[in-house]
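What follows is a short report on a single structure.
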């Protein structure tokens, strides 16, 4: 057993202390705390440890009301006061931007806190397994194949939790079991989305047909408007969700965002923290200058494109998921917006196509956690939009992209949003202007 004092927080929310100048990563220990730890891994440049006893507590430590927090590890900051979470997230953002992108701290604005700290998440996609003879949903412990059953989740919308539990009850009533790789049958995962008191359930299964009684009972769960199935028999899937088929009820969900009506397919992306997403969308759109041509890359179902309809003569949205493009086109039609069109394409290919319509006044981009790939960065450097509004959910990939973009652009501001309270995840809007413009 050894004793360490935590000096800072890591990118995954773990505490970092030092033994003989070697960093020691330890979950569950906050900056300023001293703990007795057991070293679990030794490497040349770092160590990992498990906290056995906190000797000196930080004044920012807070009692965690989530029963599963320690076991599942999904929300490591639940033990920290919310104001301190924002402070440390800003520090992590500043460190990443300086280290990987040479973007100075003074460009970062104050963190925009989430309106809700718990109960904010409107969707879950959880793997399933058998536990004590029953089908359960849970999570895999980070960096392992160890499945953890999660009885309740404090960051899930309460209605989402109710529906998730009802879905498991129905599946267990019908004696449906978890996926078996040998027979390639069973439930591999459960996805539930809840918005505006509507719930859509997607079952990720092996190659099998769900019986009518099971489907009927799922449709009789309060608030469930649609049941869908995604068949996945891959040995090591990159993602549980593949193509989705509607097997009962509605194939789309309709919601309203800032007066824009949106229809979402089960596999279409929508931000998980809706109240905060609306603030983020509003801020991003407010940074768009009036222009001839606005392009939104990674546009999803077109929410921001349609919100910005009055800012440009022409809007082109680019999205690689075909169902999302269909949603975006339908969303433009039902909102009577005629100056927006959508391309189903890779972001870089779509950008080149959009540039044929004239100079791009503004590029709005919300890439995945991996950031913009090399092809997209190259396309931007050739097309050179006048302005870029970059929404990021990963400070490291944002910083690496900014390092390249800074050859022709300068950063005006970085506006951080707390989209996922109690987790180390950071969302931000970076505004870039083209040099000599």
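Take every DSSP beta bridge whose two residues both sit in the range 123-251, then give the antiparallel share in percent to the nearest 5. Please list the in-between numbers first.
Details: 26 of 34 bridges.
Around 75 percent of the beta bridges assigned by DSSP in the range 123-251 are antiparallel ones.
With a Förster radius of 30 Å, plug the Cβ-Cβ distance of residue 236 and residue 38 into 1/(1 + (r/R0)^6) and report the FRET value to the nearest 0.05.
Numbers: r = 32 Å, r/R0 = 1.05.
With a Förster radius of 30 Å, E is 0.45.
Distances longer than 16 Å among the Cα atoms of the range 123-251: what percent of all pairs is that?
Values: 4965 of 8256 pairs.
Summing the P(r) of the range 123-251 above 16 Å gives 60 percent of all pairs.
Between the range 91-118 and the range 343-381, how far is it from one alpha carbon centroid to the other, in angstrom?
24 Å
Order of 389, 16 from fewest to most other C-beta atoms within 10 Å?
On the way: 389 26, 16 18.
Arranged by neighbour count, lowest to highest, 389, 16 become 16, 389.
Starting from the Cα of residue 433, step 7 Å toward the Cβ, then list every residue of the range 356-395 with an amide N under 17 Å from that point.
Backbone N within reach: 361-363, 385-390.
If neighbour count is taken as other Cβ atoms inside 10 Å, put 82, 352 in order from fewest to most.
On the way: 82 17, 352 14.
Exposure proxy ranking, most exposed first: 352, 82.
Among 148, 9, which comes first, second and so on when ranked by fewest other beta-carbon atoms within 10 Å?
Numbers: 148 17, 9 24.
Ordered by Cβ neighbours within 10 Å, fewest first: 148, 9.
Please give, to one decimal in nm, the separation of the simple spin-label points placed at residue 373 and residue 211, each 7 Å out from Cα toward the Cβ.
Taking the two extended label points, one gets 4.4 nm.
In whole angstrom, note down how far apart the Cα centers of the range 391-437 and the range 151-167 are.
Between the Cα centres of the range 391-437 and the range 151-167 lies a distance of 33 Å.
So the label point goes 7 Å from the Cα of residue 125 along Cα→C-beta, right? Which residues of the range 199-227 then have their backbone N under 14 Å from it?
Only 201-205 fall inside the zone, counting backbone N under 14 Å.
Quick check: Cα centre of the range 288-328 to Cα centre of the range 1-74, how many Å?
44 Å
Just to be sure I understand the model, the point goes 7 Å from the Cα along the line to the Cβ. What's the resulting residue 95 to residue 46 distance in nm?
1.0 nm
Hey, can you rank 372-382, 41-51, 224-234 by average C-beta count inside 10 Å, highest first? Could you put the intermediate results ahead of the total?
On the way: 372-382: 17.3, 41-51: 13.5, 224-234: 18.8.
Top to bottom by mean Cβ count within 10 Å: 224-234, 372-382, 41-51.
So what's the range 2-61 giving for Cα Rg divided by 2.2 N^0.38 Å, two decimals? Each step should come with its number before you reach the end.
Working: Rg = 10.2 Å, N = 60, 2.2 N^0.38 = 10.4 Å.
So the range 2-61 has a normalised radius of gyration of 0.98.
How long is the gain from residue 62 to residue 110 if the chain were fully straight, where each residue apart is worth 0.36 nm and the alpha carbon distance is subtracted?
Working: separation 48, 0.36 × 48 = 17.28 nm, distance 2.28 nm.
Stretched out fully, the residue 62 to residue 110 stretch lengthens by 15.0 nm.
If you restrict to DSSP beta bridges whose two residues both lie in the chain, what percentage is antiparallel, to the nearest 5? Before the final figure, lay out the partial values.
Values: 66 of 99 bridges.
Antiparallel: roughly 65 percent of the beta bridges in the chain.
How big is the Kirkwood radius of the range 338-404, worked out from every pair of different alpha carbons and given in Å to one decimal?
12.5 Å
We did not get these values from a lab; they are worked out from the coordinates using the rules stated. Because the structure is predicted, anything quoted here is derived from the model rather than measured. Cβ atoms come from the backbone with ideal geometry, glycine included; neighbour counts cover every protein chain shown.
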